[in-house]
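Below is one structure, written out as structure tokens; comments come after it.
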Amino acid sequence: MKIIEKASQLRPLLSALREQGLSYGFVPTMGNLHAGHLALVDAAAEQCDRVVVSIFVNPLQFGPDEDLEAYPCTPEDDEKVLIEHGTSILYRPTMADVYPVGLEHQTRVEVPGLSEILCGSSRPGHFSGVATVVNRLFNQMQADKAFFGKKDYQQYLIIKKMVSDLAMNIEVVGVDTVRLDSGLAMSSRNSYLSASQLEQASGLYLVLQDAVERYRRTPENYRGIIEHGIAELKNRGFVPDYLTIRRQSDLKQPGAGDVKLVVLAAAWFGNARLIDNLEFVLPSRSLQSTI
Ligand code: PAF
């Protein structure tokens, strides 16, 4: 695995892959890699000839009171697992390489609509920071495909919309969430939790599963199901930000005829803001007005 820190070093390596007729997949990350990231690397390795991973903790996507300073950083462990999973190139750019004109003067990418709702309403500017860095990394990489975890469902849809709206020449692939045996979704922020908190935090997954079952039975009770889910999260020690059921395609509220849905939630547990979601599809006979 080649480890490089400058876009200028990246270019000849990527050109050499192209000259050999090899495709390559790109996995952008902020490091502290866990099984969820490795599923992205594995998917890239399955679908492309070579895998390129970036590690960059992007200040532009953290709010002033968020955990940028505390964000876990484990470079040696990351290198080891990336080699084990067959990564060809690890790009670990410096701040100057990603934001040469500084954060203040950086041109921003805004994906309207999807960016202001749900996580975007409690984390203003977050998704603009994500879209901006991913756009820059995509331009530096020129990869065939890019791989994103569906745990960050809203982020995944925002990146797909950015690629479509800006006619970018890359395919965005969503990869299923990896979970602990308890059902808790893998996340770097799980490291903020103690062993017993980790066990309790799996309640988020159980509440989402319960909401899906209730919605399948009585889709007309949309509001009651949401209220019940939020109350259940509170009972289990969470401080909920939101729990909602939306269309998979654009995160709008479902109406009559919408069958591809996703239940999403964000909730604080101890020092960790956890997010999770479950996609589900209603049988077409359940078609009915829901709200
Ligand atoms: O999902 C992440 O880890 C980050 O938001 C990403 C896509 C690497 C952009 O910084």
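The values are calculated or read from the model by the stated rules, or taken from the named source; none is laboratory data. Not measured: the values here are computed from a predicted model. Cβ coordinates were reconstructed from backbone atoms using ideal geometry, including for glycine residues, and neighbour counts include every protein chain displayed. Protein only, heavy atoms only, side chains kept; ligands, DNA and RNA dropped before computing areas. Shrake-Rupley method; radii C 1.70, N 1.55, O 1.52, S 1.80 Å.
So which residues in region 38-79 are within 17 Å of the chain's Cα centre (by Cα) and hydroxyl-bearing (Ser, Thr, Tyr)?
54, 71
So residue 51 ticks every box in (1) in contact with a helix residue (DSSP H, G or I) (Cβ under 8 Å, 6 or more places away or on another chain); (2) without any contact (Cβ under 8 Å) to a residue 40 or more places away in the chain; (3) among the β-branched types (Val, Ile, Thr); (4) over 21 Å from residue 12 (Cβ atoms) but one. Which box is left unticked?
So the condition that residue 51 fails would be (4).
Report, by residue number, each residue of region 128-160 that is more than 11 Å from the chain's Cα centre (by Cα) and aromatic (Phe, Trp, Tyr). Break it down stepwise before answering.
Kept after step one, since they are more than 11 Å from the chain's Cα centre (by Cα), are these residues of region 128-160: 128-129, 131-146, 160.
Across region 128-160, the qualifying residue is only 138.
Can you confirm whether residue 128 is hydroxyl-bearing (Ser, Thr, Tyr), touching a residue at least 24 places away in the same chain (Cβ under 8 Å), surrounded by 15 or more Cβ atoms within 10 Å (Cβ to Cβ) and in a strand (DSSP E or B)?
Working: hydroxyl-bearing (Ser, Thr, Tyr): yes; touching a residue at least 24 places away in the same chain (Cβ under 8 Å): yes; surrounded by 15 or more Cβ atoms within 10 Å (Cβ to Cβ): yes; in a strand (DSSP E or B): no.
It is false that residue 128 is hydroxyl-bearing (Ser, Thr, Tyr), touching a residue at least 24 places away in the same chain (Cβ under 8 Å), surrounded by 15 or more Cβ atoms within 10 Å (Cβ to Cβ) and in a strand (DSSP E or B).
State the number of residues belonging to region 95-124 that are without any contact (Cβ under 8 Å) to a residue 12 or more places away in the chain, open to solvent by 60 Å² or more (accessible area, probe 1.4 Å) and not in a helix (DSSP H, G or I).
Count: 6.
Quick check on my filter: what residues within region 43-71 are more than 15 Å from the ligand (Cβ to nearest atom) and loosely packed, with under 14 Cβ neighbours inside 10 Å?
46, 64, 65, 69, 70
State all residues of region 131-142 that are closer than 15 Å to residue 160 by Cα and either assigned to a loop (DSSP other than H, G, I, E, B) or in contact (Cβ under 8 Å) with a residue 60 or more places away in the chain (or both); if no residue qualifies, say none.
Once the filter is applied, which keeps residues that are closer than 15 Å to residue 160 by Cα and either assigned to a loop (DSSP other than H, G, I, E, B) or in contact (Cβ under 8 Å) with a residue 60 or more places away in the chain (or both), region 131-142 yields 132, 133, 134, 137, 138.
Name the single residue that is farthest from residue 50 (Cα to Cα) among those in region 162-175 being assigned to a helix (DSSP H, G or I) and within 14 Å of the ligand (Cβ to nearest atom). Explain how you work it out, then say what you get.
To start, the set of residues in region 162-175 that are assigned to a helix (DSSP H, G or I) comprises 162-165.
If we keep only those that are within 14 Å of the ligand (Cβ to nearest atom) too, we end up with 162-163.
Details: 162: 24, 163: 22 Å.
Top of the filtered list is 162.
Select from region 72-87 the residues that are open to solvent by less than 30 Å² (accessible area, probe 1.4 Å) and more than 19 Å from residue 142 (Cβ to Cβ) and list them in ascending order.
Selection gives 72, 78, 82.
Among residues belonging to region 142-152 that are of a type outside the set (A, V, I, L, M), within 13 Å of the ligand (Cβ to nearest atom) and farther than 14 Å from residue 126 by Cα, point out the one that is surrounded by the most Cβ atoms within 10 Å (Cβ to Cβ).
Going residue by residue through region 142-152, those that are of a type outside the set (A, V, I, L, M) are 142, 144-145, 147-152.
Now restrict to residues that are within 13 Å of the ligand (Cβ to nearest atom): 147-152.
Subsequent filtering for residues that are farther than 14 Å from residue 126 by Cα retains 147-151.
On the way: 147: 28, 148: 21, 149: 23, 150: 19, 151: 21.
The qualifying residue surrounded by the most Cβ atoms within 10 Å (Cβ to Cβ) is 147.
Tell me, yes or no, whether region 233-246 has at least one residue that is under 21 Å from residue 160 (Cα atoms) and of a type outside the set (Ser, Thr, Tyr).
Yes; the residues of region 233-246 include at least one that is under 21 Å from residue 160 (Cα atoms) and of a type outside the set (Ser, Thr, Tyr).
Anything in region 27-74 that is among the small types (Gly, Ala, Ser) and either closer than 17 Å to residue 133 by Cα or outside any helix (DSSP H, G or I) (or both)? List them, or say none.
If the condition is that a residue be among the small types (Gly, Ala, Ser) and either closer than 17 Å to residue 133 by Cα or outside any helix (DSSP H, G or I) (or both), then 31, 54, 63, 70 are the ones that fit.
Looking only at region 107-124, count how many residues are of a type outside the set (Lys, Arg) and within 19 Å of residue 165 (Cβ to Cβ).
The qualifying residues number 11.
Given the residues 146, 201, 131, 211, which is the only one that is touching a His at 6+ places or on another chain (Cβ under 9 Å) and hydrophobic (A, V, I, L, M, F, W, C)?
Every option except 211 fails the conditions.
Inspect region 80-97 for any residue being over 23 Å from the mean Cα position of the chain (by Cα) and not charged (D, E, K, R) and give the result as yes or no.
Yes.
Please pick out the residue among 40, 22 that is open to solvent by less than 70 Å² (accessible area, probe 1.4 Å) and more than 13 Å from the ligand (Cβ to nearest atom). Spell out the reasoning first.
Numbers: 40 fails: more than 13 Å from the ligand (Cβ to nearest atom).
Criteria check complete, one pass: 22.
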